[in-house]
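Please read the structure below before turning to the comments.
The values are calculated or read from the model by the stated rules, or taken from the named source; none is laboratory data. A quick note: this is a predicted structure, and the numbers were derived from the prediction, not measured. Using ideal geometry, Cβ is built from the backbone for each residue, glycine included, and neighbour counts are taken over all protein chains shown.
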Amino acid sequence: MYNIKIESFEGPFDLLFHLIEKNEIDIKDIPIASVFDQYMEYLKAMQEMDLDIATEFILMAATLLEIKSSMLLPKQNFEGQQMVMADADPREELVEKLIEYKKYKSVANRLKELNTLGTKFFRDEPEIKYVDKSLCLNYSTIDLKKAYMKILQKSSNNVMPIRYAKDQITIDDKIKEILKKLIVTPVIKFGDFLKNLRKIEKIVSFVALLELIKLNKVAAEQKKTFGDIIIKSLKR
């Protein structure tokens, strides 16, 4: 268990970048397994503190798991014999995005420094010698309030909610659901379990499945690429 200190992260890349800097990791050679474990510890700590977790944090967890699986599982040729991993590094796309994020973060920090520096200097306010009355708009405070509320209403209608509450969907909930299904049927198809679920629920369910595999509570088998995942209970 890691000693977790919950901080305010702007997004999953902010958290991921924090872990890379904290562990002094070469951004071009990320130990995915280690970083993923720490990343999940942060998400679990957020859940335990009843903090809402944005959808993109879960998506990043699924991405890390996919990369981790790709690096751990051996590739097979048509005869079923183990072969050397392909030249393509499954971390490549993530590394490119992290490098871009690093550049963005560097620029953002520099702008923040310049803004702070600017507050140390003062200039006299420009003297307004003449005001063209024809440019003055004849609006009362009530009119302005109505216009402001209209803008707020329009904005709220256009914004898609991206956060979900802890009591709506959690990894623990999906773990319990999978185990409950396995009590009735010792072997289930993951595709059947995912039927009629929202995209975010499918992602959380996938994370829950991998957590169960890690805890040796279930075994999973995929007979062919892109085939359905067969889940088998290991409970004796």
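General remarks:
- The residue of region 71-81 that is surrounded by the most Cβ atoms within 10 Å (Cβ to Cβ), among those that are modelled with pLDDT of 50 or more and out of contact with any strand residue (DSSP E or B) (no Cβ under 9 Å at 6 or more places or on another chain), is MET71.
- Applying a threshold of 6 Å to beta carbon distances and a minimum spacing of six or more residues, or different chains, the list of pairs starting in region 191-217 at a residue that is modelled with pLDDT of 85 or more and ending at one that is of a type in the set (D, E, K, R) and part of a loop (DSSP other than H, G, I, E, B) reads GLY191/ASP228.
- Residue within region 167-174 that is modelled with pLDDT of 85 or more, closer than 17 Å to LEU65 by Cα and in contact with a Ser or Thr (Cβ under 8 Å, 6 or more places away or on another chain) present: yes
- Residues being surrounded by 12 or more Cβ atoms within 10 Å (Cβ to Cβ), of a type outside the set (Phe, Trp, Tyr) and closer than 23 Å to ILE169 by Cβ - total across region 179-227: 23
- Those residues of region 82-109 which are modelled with pLDDT under 75 and over 22 Å from SER34 (Cβ atoms), in sequence order: GLN82, MET83, VAL84, ALA86, ASP87, VAL107, ALA108, ASN109
- Output for region 1-26, where each listed residue is farther than 16 Å from THR63 by Cβ and at pLDDT 85 or above: HIS18, GLU21, LYS22, ASN23, GLU24, ILE25, ASP26
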